[in-house]
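To start, the structure under review is shown below, and the notes come after it.
The values are calculated or read from the model by the stated rules, or taken from the named source; none is laboratory data. Predicted model only: the values in this text are computed from it and were never measured. With ideal geometry, Cβ positions are generated from the backbone for all residues, glycine too; neighbour counts draw on all protein chains shown. Calculation scope for accessible area: heavy atoms of the full protein, side chains included, ligands and nucleic acids excluded. Shrake-Rupley method; radii C 1.70, N 1.55, O 1.52, S 1.80 Å.
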Amino acid sequence: MAIYDHKRIEKKWQEKWLRENAFQADDASTKEKKYVLDMYPYPSGSGLHVGHVEGYTATDIYSRYLRMKGFEVLHPMGWDAFGLPAENYAIKTNVPPAKTTEEAIQTFTSQINSLGLSYDWSREIGTHRPDYYKWTQWLFLLLYKNGLAYKQKAKVNWCPKDQTVLANEQVVDGNCERCGTGVIQKDLEQWFFRITKFAEELLADLEHVNWPESTKAAQRNWIGKSEGAEIDFVIAGTDEKIRVFTTRPDTLYGATYLVLAPEHPRIDVLSAHITNLDAVAAYRAQTATKTELERTALAKEKTGVQLEGIAAINPATKEQIPVFIADYVLSQYGTGAIMAVPAHDERDADFAKAFNLPVKRVVDEKKYFIFDFDGVLGDTFEAALAAHVAMGHSPDLEAAREAVLKYAHNKPRHTRDANPSPEVLAEERAWTARFGTAMLQSDWKLFDEFIREVEKIPNTQIAIVSSGSELYVKPASEKTRLNPTHVMAFETSHSKEEKIETICRDWGIDPKQAYYFTDSKADVYELKGMFPEGKLIGCAWGFVGKEALEEVLPRSSVLENYADIHTLFMGLHTGDGLLINSGDFTGASSAAAKRTITESVGGVMKTTYRLRDWLISRQRYWGAPIPMVYDPEGNLHPVPEEHLPWALPTDVEFKPTGESPMAKSKELRERVEKLFGPGWTPDVDTMDTFVCSSWYFFRFADPHNAEVFADKEKMKRWLPVDLYVGGAEHTVLHLLYARFFTKALQSLGFIDFVEPFTMLRHPGTILAEDGRKMSKSLGNVVNPTDVVDEYGADSLRLYEMFMGPLDVAKPWNTRNILGVRRFLEKIIALASRVADAEADEPTESLMHQSIESVTADIEALKFNTAISQLMIFANKLGEYKEVPRHAFETLLVLLSPLAPHLTHELWEQTGHADDIRLSSWPVADQTKLSKASVTVGVQVNGKVRGSVTLSAEATQEEALAAARAHEGVSKWLALGREVKAVYVPGRIISFVVESAV
RNA sequence: GCCGGGGUGAUGGAAUGGUAGACAUAGGGGACUUAAAAUCCCCAGAUCGAAAGGUCGUGUGGGUUCGAGUCCCACCCCCGGCACCA
C-alpha cells in the first residue's frame, strides 16, 4: 500500500493554492454571493490553539462546499490586533506592541496556512494598522457628529490592576473580565456610545436571526427590558417631586415608603428640609467607596438612612410616608428612586423588616382551598342534610352549611390531647367503630372556628369535601360562588380524583391551582401526582401527627396549628393577583390595574432597559486613539477628517500610571499644537478594542478603500454575513456591539440591512483529555501544530469535526485521531484499486444516499455525521477488489471540503487535469436513492419480535403476510386474537393482539 | 430566583414518532507473522439461559400512541446567561 506522506502532499497543495490566489473572492462575479466569516483572532504570542482550528475548519468546509455548489464565496481573515496582552508584554520587556503583534501575525498566518484553510488573503486586515484604524476613528467621528458618541462625567468601573476603565460588559461578578481584579467605582469624564438608543431594535430584531437560542437569550437578558410606570410623589410641604419607576404600579396603595439611591440628585435640593444631614452625608460617603461587588452581590443586609424632616405623599392613599436613601437602589436604573411595597417585593420586605416599617397587603392571588377531612363531616353532613330535607327545606348550600355547623356544635367535643384520658379514648373508639372513620380524632371543637379563620384569607374560595352522602350540593348561584364556603358531600364510592375534578370543574380551574388540605397520610400518597409541590397541605392537628405528615410532605407544607394557615397564606406575595385594600381598584386584577392606577395618579407607562451606554474610553496605549482635541478653553473639537489616521504616537513609556501613556507623548502634543495652535491639547485615551472589532466585517467587503470605510455597492454585494462562527464568550460583548454599529450605520443611511450576521454558531469548547479546560498552568494544552506534524492537517480537520456536534463542549482524545487517519489511509488504499468497474445496485444506492445526506449535513454544519456517512460509503467500496471509478470519484468529491489536501492529491493521481476544488458538487439521483428491497422490523404489542425483508414496493397485504409467516412473529400472534395490523412502508410492521386469557 | 441548553453503552457520539446504540475509539476472540506493529475477519447495552430465546434498558415518575430517546405533564441533576434592575 502507498505510504501516506501527509507532509509532502499538504505542503504541495498549500503552496499551489497560495500561488494561484485560489480563494480570492471576485467582486465582479455574477454568481450568487455567500459571506462566510470567522471571528477574527487576537494574534497572541502563544499562537493558534485547537479551539481556533475547530471554528476555522467548520467555516472552511462550508466555504469550499459552497464554491463547489456554484457560489462566489467571501471567506476572509484578519487580526483583532489591538489590546492589553501586547501592551502588558511591552510593560515587562519594553518591546513595542507593534513589533510583537506583527510577529504573532506571522506565526498565525503560517499556522493557518498549514491547515489548508481557504482564506482570501488579498483582503487581510489588521485593526492596529493605520489604514484600518483611520476608519475606526472616522466611524467614531461619524457617531459623534450624529449624537451617538458623547463625553460625560459618570461613575465608571475602574480596574486598579489594568489601570483603565471598563465597560459594564467587561465586569464579571464585580471583577475585571481580563485580570480578575475587583473593580472599583470612579467618577471620571469618559466617552460613551449611545447604544441605549437602539435598545428596542437590538431586542426586537433578535427574532429574525438564525442564532443559537442561548445567545439570543443572553442578549435579551443583557438588554433587560422591563415595562412599568413612572409616578411622581410630592414631598409634603414643598413643590418638590420624586419620580419613581416601578413595574408594579398596581401595588401603589401598598407603597409605605420611598427609597432613593444615595447618589440621587434631589437630595441636594431637599437638603434645606432634611434634619439629619450629617447622617445622610456619612451614608452617601460610605456608599461611594464601595465596589460594585460589595454593593450588589455581597450585600444581602439592607442598609440605609431615613431623610428626616421630610415625607412624601402617596398619590393614591394621600398618606404621608417616610423617605430613605439606601444603596440597594441603583442610581443608574430607572429614575434612581423607588416606591417600596414591602408586602409584595422581597427587597422592600427585607428593608422594612430591618427598619421596622409598616407592611400593607394590596394584592392577593385567587386561592382555591379544598378541605377533605373525611371523617369530620361525613355522616354528620348526611344526617344534618337529611334532617333538613325531611323538615321540608330545599337542599341549598347556605341551609346545608348552617345545618352542618349546628350539628357540629352540638356534638360532644374533644380537645386534641397527646395523652387522652381513658374516657375520651373509649368514646373516640366508640365513634370510630360506629362510623368507620377516625372522625373524633380530629379537633371537633374548633372546626367551625377554623373555617371562619380560613375565610379571613382574602380572595379565597373554599370547598369542604365529605364522604358518605349520595348528594352533591353544587354552588347554587353566583351569590354562593362569591361566598367562599362550598360544602359538598359525595358517595363514599367516589374516588378522591373524582371529587376533586368535580369541584374544580365547577370552579373552572385546573386542580393544580387548588390547595388541598388533608389530615390523612394516605391522601398525600394518593394525590401527590395531582398537586404540585406546596399545593398539598397536611393538617397535623387531626389523627395523623406532624412527624408522619413530614415524612411525605415538605416541612413548610405541614400545619401544626390551624393558625399556621395565616403564616402560609398571608406572607410575602410577589406575584400577580387580585387587588385588596386599594380603594376603588379593590377587586381588579393586578394586570388590569397597572394602567388604571398609573393614570389615576397622573403617572405614565414607561419602558426601561437594563442596558447602559457603552463606555469606550481606555486609559491605555495599544488601541485606536480617540480623534478629539481640546482648545485652550477646554472645549472639545473633532480632529478633521483630513488628519486621519490620527496616528498612535510611538514616543511613549508603557508603565501604567492611571493615565493614558499617550499623555506623556511629546510627539502627540507637538502635533496638536502644530495643527491647531498653541494651548490645544489632545484627548489621550484610546478606544476599547471592541470598537475596532465591531465593524471589521464591513471592511472585508472593501478592505483597501482609501476614500471610505467600505464602498456602498461592495457592502451591498457581500453583506450581511451569511454564516458567522466564533466563541460563545462573545455573546454579549462583541455581538451586541457589532449589532449596534450595524443599526447605527443603517440609521445613517450607509447600509440597508439591520442585522449583520444572518446565521451564527458557536463551536463548543475543546477540553483537555482529562476533561478539564486546557490551560498552560495545567500543562494539558494540545498544540495544533504538533498534531499537523504528526498526523497531517487533513487528519486534524477531520478529527475535530468528527468529535461531535460543532456547538457542544467535548474532550480531546488523541487515540481518536488515529481513527480518522486510518480512514484517510483506507481512501488511499481504495485509490490504488480504482478500476473501470461497475458498481452494483446496493453500492449505487448507497452512493446516492451518501450524496444526499452529506449535502444535508454540511448545509446544517453537522460534520460529524457527514464524516460517518463517508466512512460507511468508503467501507462499502472497500469490499471491492476493483473499486468502481465513478463511485470512488464521488467519494473524493464529497470528502474534498473536509480533507482538501489528500483529495486533491488523489484526484490528480487518478488522472484529472483540473483541481478537485473546481468540480461541481454532485446531485443525488432520486430514483436511485431507494433500494429494491427493505428490511423492516415486526412488532407485536409494541415489542420487536423479528424482521422481514420485503420488496420496496410491497403492499400492506404482502408485508403483513410475510410477517405472519415469520416464525418468530407467528408464535406471538398465536397467543391471542389479532385486533390491529399496520404496515408503515419501509419502516415497521405492527400487530396488536388481544390476549386469549 | 428568572431565562436558555442538556442528561443515551467503557468513551466520543447516531437516531423525519417506526428494529435504540449508526460511525468511531478503547476492549475481547481469530487470521497473517519467528515475534511485534500494521492490516484483515468476527464479537461486543445489562441480565437470565447450554442454545433457541426471554426480560429489562435513553436522568425519575406519570400520560398520549399500534409504537416514545423523540410528543405532553410533573420532578431531579448538570452546564451557560442574568440577578438588590424596583
*asked:* Can you give me the orientation-averaged projected area of the convex hull built on the Cα atoms of the stretch A:637-772, in nm²?
replied: 12.5
*Select from A:Ile91, A:Leu141, A:Leu66 the residue farthest towards the positive end of the dipole of the stretch A:1-159; place +1 on Cβ of Lys and Arg, -1 on Cβ of Asp and Glu, and compute about the Cα centre.*
A:Leu141
*At what distance in nm do the modelled label points of A:Lys241 and A:Asn356 sit from each other, each positioned 7 Å from its Cα along Cα→Cβ?*
3.5
*Between the stretch A:725-773 and the stretch A:923-997, what is the C-alpha centre distance in whole Å?*
50
*the stretch A:11-105: trypsin sites (Lys or Arg not before Pro) falling in loop per DSSP and having at most 10 other Cβ within 10 Å*: none
*Largest first, how would A:Val359, A:Val820 line up by accessible area (1.4 Å probe)?*
A:Val359, A:Val820
*For the stretch A:1-76 and the stretch A:849-915, what is the separation of their Cα centres, given in Å?*
18
*By the scheme Lys and Arg +1, Asp and Glu -1, what is the net charge of all other residues having a beta-carbon under 12 Å from that of A:Thr109?*
-3
*Once you charge only the Cβ atoms, +1 for Lys and Arg and -1 for Asp and Glu, what is the size of the charge dipole of the stretch A:765-895 about its Cα centre, to the nearest 20 debye?*
640
*Which of the GluC sites (Glu not before Pro) found in the stretch A:665-711 are in a DSSP loop and have at most 14 neighbouring Cβ atoms, other than their own, within 10 Å?*
A:Glu707
_Net charge within 11 Å of A:Gly70 by Cβ-Cβ distance, Lys/Arg positive one each and Asp/Glu negative one each, not counting A:Gly70 itself?_
+2
*What's the center-to-center distance, using Cα atoms, between the stretch A:89-119 and the stretch A:338-363 in Å?*
58
_Distance violations [Cα-Cα > 21 Å] among A:Lys134/A:Lys197; A:Lys776/A:Lys862; A:Lys499/A:Lys535_ = A:Lys134/A:Lys197; A:Lys776/A:Lys862
*Return the Rg/Rh value of the stretch A:217-290, two decimal places, where both radii are evaluated on C-alpha atoms and Rh is the Kirkwood radius.*
1.06
*Along the three principal axes, how long is the stretch A:703-852 when you take its alpha carbons, biggest first, rounded to the nearest angstrom?*
62, 51, 29
*Work out, in µm²/s and without decimals, the Stokes-Einstein translational diffusion coefficient of the stretch A:845-997 at 25 °C, 0.890 mPa s, Rh from Kirkwood over C-alpha pairs.*
134
*Give a quick list of chymotrypsin sites (Phe, Trp or Tyr not before Pro) in the stretch A:127-193 that DSSP marks as loop, anything other than H, G, I, E or B, with at most 12 other Cβ atoms within 10 Å.*
none
